[in-house]
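For reference, the structure discussed in these notes is given below.
FYI, it's all coordinate maths here, none of it is from the lab. Not measured: the values here are computed from a predicted model. Don't worry about glycine lacking a Cβ; one is built from the backbone with ideal geometry, like all the others, and counts go over all protein chains shown.
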């Protein structure tokens, strides 16, 4: 600590600086007695940013059904690394995903946002504050629980084969979910009439 001399009025003023936001307890002591007082240092909102690595995926691989959600989390800090509460972060998402346009940080400097989509694939989420932004990717998957063969998705590939037991006709089937996303690894049962 500092040792300072009082002036003619018996007073001494000291100045304090800090790079860490929060309460600092100041103690003044003389002749074995002391008094304390708290001063507060505030985080610097003018330098608010989302540091590298502080936009993360909380949950991923949601079904692309417009209801199931992926979740991302952004942490906002000042230039000294102090977390910032009550900061508005702007969000956007690509590939047709839906996310709220803004969210506000809590006392831990965190804001979590959910997003939905009816389009399977990767969606890039962008979080922005003070003119700077970070991105992270989430994935939406096709909904195998709604697997179907839609009208027009069973088609003839080759036709009019000679009925000699070796020549072939062929058909192609496309399996999709309720939002027309192709579904991989689906077991399809095929039957044919007229002894084929």
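Would you please calculate the Kirkwood hydrodynamic radius of the chain over all C-alpha pairs and express it in Å, rounded to one decimal?
Numbers: mean 1/r = 0.0446 Å⁻¹.
It works out to 22.4 Å.
With the radius of gyration and the Kirkwood radius both derived from the Cα set of region 20-123, what is their ratio Rg to Rh?
On the way: Rg = 20.3 Å, Rh = 16.2 Å.
With Rg and the Kirkwood Rh in hand, the quotient comes to 1.26.
Given 0.36 nm per residue, what is the gain on full extension from residue 17 to residue 34 after removing their alpha carbon distance, in nm? Numbers along the way, then the final one.
On the way: separation 17, 0.36 × 17 = 6.12 nm, distance 2.15 nm.
Working it through step by step, the gained length comes to 4.0 nm.
In whole Å, what is the distance between the alpha-carbon centres of region 1-80 and region 151-196?
Going from one Cα centre to the other spans 65 Å.
Rg/Rh for region 144-190 to two decimals, with Rh computed the Kirkwood way over all alpha-carbon pairs. Let's see the in-between values first.
Values: Rg = 13.6 Å, Rh = 12.2 Å.
For region 144-190, the value is 1.11.
What order, most packed first, do the peptides 77-84, 20-27, 47-54 have when packing is the mean number of other Cβ atoms within 10 Å of each residue? Kindly include the intermediate steps, with their values, before the conclusion.
Details: 77-84: 17.4, 20-27: 11.1, 47-54: 15.4.
Result, highest mean Cβ count within 10 Å first: 77-84, 47-54, 20-27.
Taking N as the number of residues in region 1-50, what is its alpha-carbon radius of gyration divided by 2.2 N^0.38 Å?
Working: Rg = 15.0 Å, N = 50, 2.2 N^0.38 = 9.7 Å.
Working it through for region 1-50, the quotient is 1.54.
Please give the peptides 161-172, 107-118, 128-139 ranked by average Cβ packing (other Cβ atoms within 10 Å per residue), highest first, as a rough proxy for protection.
Working: 161-172: 9.3, 107-118: 18.0, 128-139: 16.0.
Going by the mean number of other Cβ atoms within 10 Å, highest first, we get 107-118, 128-139, 161-172.
Modelled label-to-label distance, residue 112 and residue 170, 7 Å Cα→beta-carbon offset: nm?
For residue 112 paired with residue 170, the spin-label model returns 5.0 nm.
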